[in-house]
Amino acid sequence: MGGCSAPNCSNSTTIGKQLFRFPKDPVRMKKWVINCRRDFIPTTCSRLCEDHFELSQFEEIARSPAGGKKLKPNAIPTVFDVPDPPSPILMKEVKIKLDYAGKRTRGDHGYARKQLCSETGEPENNEENNKEDYSCRECDRFKAHLEQQYLNNAILQRQVEEMKKKLNKLNKIEKSLQNFLFEDQIRALSLTKRSRRAVWSQNTVQSARRIRAAVGGKGYEFLRELGYPLPSYRTLCNRVEPTIIAPPAVPEEMAEICAETQEKCVLALLLSSSPGTVVGS
């Protein structure tokens, strides 16, 4: 645990002294630094101990959760062991700071809810306090919502990047499959059951016939059991195209000889059918 940041002061919590952080308001922080008579920029770890505040700068009744003292929202340290120390603060000189718009600024110590008016010392208007508290709560709520949206956007962006990587990987795999598979075979790989729902192209059927002729029936079925996208043997049989065998072409000379022979055969049959007729040589 760090100690007090004031010059000529070595107090810390180890000896029972209570430390207070520097305010976040730049105007109040600058006044704290000037009163310390130090030329430095306070950090989140910079603290001042309770010995540098007058008793009038503490809440009379309010206590911190640990049971220690609580500073007022506009507390200013004035007790320092330095040459030319700052002048003490009188109660009538305590004023609530106004920002450029004329509105009251809230103190950095959130536990101090009660503030005094400029000179009368009377409690502030409760209606105004309620409006400011509601505005602050709304700001905190919107800030938390905005931070949650930023977090969700970051998560979605990471998911989009991961999906892009997966998509690029799938595209590379598809291009590799196109080197030895047809499109219908690639589609068949995504089907759970490649039975009747798969529509095979004629190129796939012809390729499957060549594979079956090369590896045999058992080898073909073994490939199908391994998941290779091939049509069944029944599909191959149903997709057989009938072939029409054309008669061979006959030369013209042979055709003339056949025609003459055919005429002689017909004449011989006619003469043989008539009785008592002798056919000459």
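Values in this text are rule-based calculations from the coordinates and carry no lab data. Predicted model, so just to flag it, every value in this text is computed and none were measured. Counting neighbours? That spans all protein chains shown, and the Cβs are built from the backbone with ideal geometry, glycine included.
Before moving on, here are some points about what is shown:
- Report note on the peptides 228-238, 48-58: ranked by the mean count of other C-beta atoms within 10 Å, highest first, their order is 48-58, 228-238.
- Sorted on the mean count of surrounding Cβ atoms within 10 Å across their residues, most packed first, peptides 2-10, 72-80, 258-266 read 72-80, 2-10, 258-266.
- Working ranking of peptides 140-153, 32-45 by packing, defined as the average number of other Cβ atoms within 10 Å per residue, highest first, is 32-45, 140-153.
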